[in-house]
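Below you'll find the structure, written out as structure tokens, and then a few comments.
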Amino acid sequence: MKKIFQKIFPKKFGKFWKKVRNDKNFDKDLKFISDTFINSKSYNFVSNQWHLLNIISYQSILKNGLKNYGSEISTHFFTFIDFKNEYIKNLFDQIDKNQILSIRSDIFKKQNNFDYKNSVTYNYLCLLLYENLKKTDYYKYLKYLNDETFVGFNHPFITIDNIKISTDKIISLFDFEKINKFHNFNSTDKILEIGAGSGRLSECILSIENNINYTICDIPPSIYISYKRLKLAFPNKKIELLIDCLNKKELNDKIRKNEISFIFPHQLNEIDSNFFNLTVAVDCFHEMDKKTLIKYFEYIEINSQKIYFSIWEKTKNWYSGGIFKKTERLDFNKGDYPIPKNWNNIFKENLKFPSNHLGLGYKIINSNLKFFKLFLELECE
């Protein structure tokens, strides 16, 4: 009933923000980001689902700041406290049951802000993910990931082999493995990540491939959380919020000079052609309205040479419907994602977790570059 009511009368983040903006628990960075966002063209990119989730996230920040981010807001991103069989089916292929019984871990740990059921479910998932990672060449990178940021904001974790293990750590390394199969990183790379969420994957990539140029394109509060996180994780890197940069040349120059930059979605229209070697979009496209997906793909068509993204193989965009509109279906195998025909699919694999996610890699052939550039310029006039 609540979902039906939300479809008919969707809550809007902008209206909520005006009521709470002056609360002392919001710092100057969050106020700057939120004010700039609401008055930007990117505000129109937000789906009804994320209007609602953003309000819930801001309510958490209002109450606790970011100190409980890991056990509250993160459950809206990729911290699973419940899952179906189809999510975990690929995690059992290489499990040695006798070996797993002998592992020393605090599997029955009660996590902060989780009840016992959710705690044990989460802990068991950590154990399954860890055992799968040990079978890969990417296990060696686990030591590169910083406990201060990966488990430092009241994140749930368990200790295995004297290592603090969270789902964020392991899943980020699995994501890195898939991307690395598709794209060989080098120090001249300029990477764009769309929908970075908490910044877990960006931190993982930058912890391993330290010298690449990285740009995050997102909306608040995610962009605020990842900005704070990466400033903490990489205090010596040149990191800058460019969300209020209106001049095209200045924006492109600053991104080149920075090591990590943060922009809003509408600013992708100001990025030079073929600027990014790779665009990454993990677990976000299936949460967007189709009209927003089309806009993103048009931007990527111009700005990037390749793209890797992961999506639910089949899902629905909740809250996208209404009284006279059906909830949007997103089924990759039925062509629901508006992927341009001139993109060449060169990578496709199911993820380890969630097992019903697809990892997809495309080489972008810019045959329609001039047409798209003209179209976008006309749209923005």
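Miscellaneous remarks
- Unit charges on C-beta of K, R, D, E only; dipole of the chain, Debye: 860 debye
- Simple spin-label estimate for ILE56 and LYS89 in nanometres, 7 Å along Cα-Cβ: 2.7 nm
- Members of LYS135/LYS306; LYS134/LYS352; LYS28/LYS291; LYS143/LYS306; LYS109/LYS140; LYS11/LYS63 lying beyond 22 Å, as alpha-carbon distances in this model show: LYS135/LYS306; LYS28/LYS291; LYS143/LYS306; LYS109/LYS140
- Computed [θ] at 222 nm, deg cm²/dmol, the chain (DSSP H ≥ 4; -39,500 (n - 2.57); rounded to nearest 500): -11500 deg cm²/dmol
- Chain lengthening between ASP96 and LYS363 when straightened (0.36 nm per residue, less Cα-Cα): 92.3 nm
- Residue among ASN39, ASN64, THR75 farthest towards the positive dipole end of the range 21-100, charges placed on Cβ: ASN39
- Tilt relative to the chain, helix 369-379 - C-alpha long axis, 0 to 90 degrees, to 10: 70 degrees
- Between ARG104 and LYS238, the modelled label-to-label distance comes to 4.7 nm, taking each label 7 Å out from Cα in the direction of the beta carbon.
- Length gained on full extension, ASN344 to ASP331: 2.8 nm, using 0.36 nm per residue less the C-alpha separation.
- Calculated diffusion of the range 85-165, Stokes-Einstein form, Kirkwood radius summed over Cα pairs, 20 °C and 1.002 mPa s, µm²/s: 157 µm²/s
- Gain in span if fully extended, SER273 to ASN44, counting 0.36 nm per residue against the direct Cα distance: 80.1 nm
- Inter-site label distance for ILE294 and ASP82 at 7 Å from Cα along Cβ, in nm: 3.5 nm
- Förster-model FRET efficiency, 41 Å R0, LYS316 and ILE163, C-beta, rounded to 0.05: 0.65
Since every read-out is calculated from the coordinates, none of them should be taken as a lab result. Because the structure is predicted, anything quoted here is derived from the model rather than measured. Every residue, glycine as well, gets a Cβ built from its backbone with ideal geometry; the counts of neighbours run over all protein chains shown.
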